[in-house]
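Below is one structure, written out as structure tokens; comments come after it.
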Amino acid sequence: MVRNSLNISNRTVTVFGAYGHTGRFVVAELFRRGWTPILSGRDAGKLNALAGAYPELEVRLASVEDLVSLDRAIAGARAVINCAGPFIDTAVPIIEAALRSGVHYLDVAAEQAVVLAAFERFLRPAREAGVVIGPAMAFYGGLGDLLATAAMGDWIAADEILIGVALDSWKPTQGTRLTGKRNPGQRFTFSNNRLERADPPPRTWNFPAPFGQQDVVGLSLAETITISRHLRAPQIHAYMNLAPIRDIHNPDTPAPAAADESGRSSQIFLMEVIVRKGGTERRAVASGRDIYAITAPIVVEAAHRAVNGLARTSGVVAAGEAFDARDFLRSLAPAHLSFQIQ
Ligand SMILES: NC(=O)c1ccc[n+]([C@@H]2O[C@H](COP(=O)([O-])OP(=O)(O)OC[C@H]3O[C@@H](n4cnc5c(N)ncnc54)[C@H](OP(=O)(O)O)[C@@H]3O)[C@@H](O)[C@H]2O)c1
């Protein structure tokens, strides 16, 4: 049972890492939807600078090294959204703080090892506490998971689930670069019904327009972990086209820049999920602008659903496991993305 859903007048959510690039999108989205974000993070100067744009919001300085400060940061909130990555450094102490206080926890981690550890370590305590712990409720992780769940539809099992991501470019934030450095080495793919430390071999992928046919390589991120937790398929592989891979490997690629007053960059994304069973294939595809910006409506919608008792279960959850995937995707369209299920 999902607890913490009754006091509907309390619309307070703590955002840890509120002044980061993604954190700012999350604060803006919460504010736009009538929530009251508490601005939290470890740097008083950066927090106060952000608070300049939101004079009515409370600021709570906190650090993952100081558990009392974390408890104070989430006191009275319905949920905490963790936007401070690398999550290898922040996820565990903030999940533990959320469990101590009995509030829901959502994050935007893309890191496979962190998401896997959250499932393995906190599933039972989160169930016992009756809260939703939702790692990777973001472009990487949540979106692929929702698309895969929607594409599966009434299938109980499939032979394979393939996720293809196409970006026209990837201008990485400091947080993305740091996260890559803190999570070196091979990634997990899901082969023969188990997680293996390997990348699937390169291949081509025929994306819908505007990308068309592209060479792709394995870029398994959080969705491989979340999908394998709740959808039955012996093979789950994720791929990305080459232009964004070149961008993130180039130390001179600049950080993302706002292309309009919304703060979104001009980056274009397309994510396609193909599920196959026997000779039959189903697809779900989503497209839009800016992988950092789209993360905000995803994690805020997940928080909304957790807080308002719309999650199917408590515990550590994948997006498509906890929420009605089609309904969730519909809630993001058309303002934040376009999607199609075939
Ligand atoms: N899954 C996805 O699709 C997705 C989407 C967007 C972002 N992300 C992830 O989210 C993370 C943040 O990305 P970003 O673009 O927002 O980067 P960013 O602009 O560099 O912001 C990073 C934020 O994290 C904070 N932070 C980092 N380490 C911390 C620590 N140990 N303790 C407290 N705060 C810490 C930073 O605070 P300081 O300035 O004080 O260091 C800053 O507020 C990255 O891991 C990125 O991969 C994932």
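The table that follows gives values for the structure above.
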{"quantity": "Computed FRET value (nearest 0.05) for residue 75 with residue 229, which takes r as the C-beta separation and R₀ as 30 Å", "calculated": "0.45"}
{"quantity": "Cα→Cβ-extended label distance, 7 Å offset, between residue 215 and residue 246, nm", "calculated": "1.0 nm"}
{"quantity": "Among 214-222, 290-298, 200-208, the order from most to least packed when residues are scored by Cβ within 10 Å on average", "calculated": "290-298, 214-222, 200-208"}
{"quantity": "Computed FRET value (nearest 0.05) for residue 49 with residue 120, which takes r as the C-beta separation and R₀ as 30 Å", "calculated": "0.20"}
{"quantity": "Projected area, mean over directions - the chain, Cα convex hull, nm²", "calculated": "16.0 nm²"}
{"quantity": "Residues whose placed amide H lies under 5 Å from that of residue 170, excluding near-sequence neighbours", "calculated": "247"}
{"quantity": "Cα gyration tensor, segment 240-342 - rounded (a/c under 1.5), prolate or oblate", "calculated": "oblate"}
{"quantity": "Relative contact order of segment 182-299, defined on C-alpha pairs under 8 angstrom at six or more residues apart (%)", "calculated": "17 percent"}
{"quantity": "Whole-angstrom gap from segment 120-171 to segment 103-117, using each part's C-alpha centre", "calculated": "11 Å"}
{"quantity": "Mean separation of Cα contacts under 8 Å, 6 or more apart, over the residue count of the chain: relative contact order %", "calculated": "22 percent"}
{"quantity": "Overall form of segment 1-149 per C-alpha gyration tensor (a/c, 1.5; a/b vs b/c)", "calculated": "rounded"}
{"quantity": "DSSP H segments from the chain that extend 18 Å or more along their own axis, Cα-based, with Kyte-Doolittle mean of 0.5 or above", "calculated": "87-101, 291-307"}
{"quantity": "Prolate/oblate/rounded call for segment 193-267, Cα gyration tensor, a/c under 1.5 rounded", "calculated": "prolate"}
{"quantity": "Residue 195 long-range amide H proximity, modeled H, under 5 Å", "calculated": "none"}
{"quantity": "Relative packing of peptides 60-68, 307-315 - highest average C-beta neighbours within 10 Å first", "calculated": "307-315, 60-68"}
{"quantity": "Rh (Kirkwood; distinct C-alpha pairs) - segment 90-222, Å", "calculated": "16.9 Å"}
{"quantity": "Protection-proxy order for peptides 96-105, 261-270, each taking the mean of Cβ atoms within 10 Å per residue, highest first", "calculated": "96-105, 261-270"}
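Since every read-out is calculated from the coordinates, none of them should be taken as a lab result. Here the structure is a predicted model, which is why all the values come from computation and not from measurement. For neighbour counting, all protein chains shown are included, and Cβ atoms are generated from backbone atoms with ideal geometry for every residue, glycine included.
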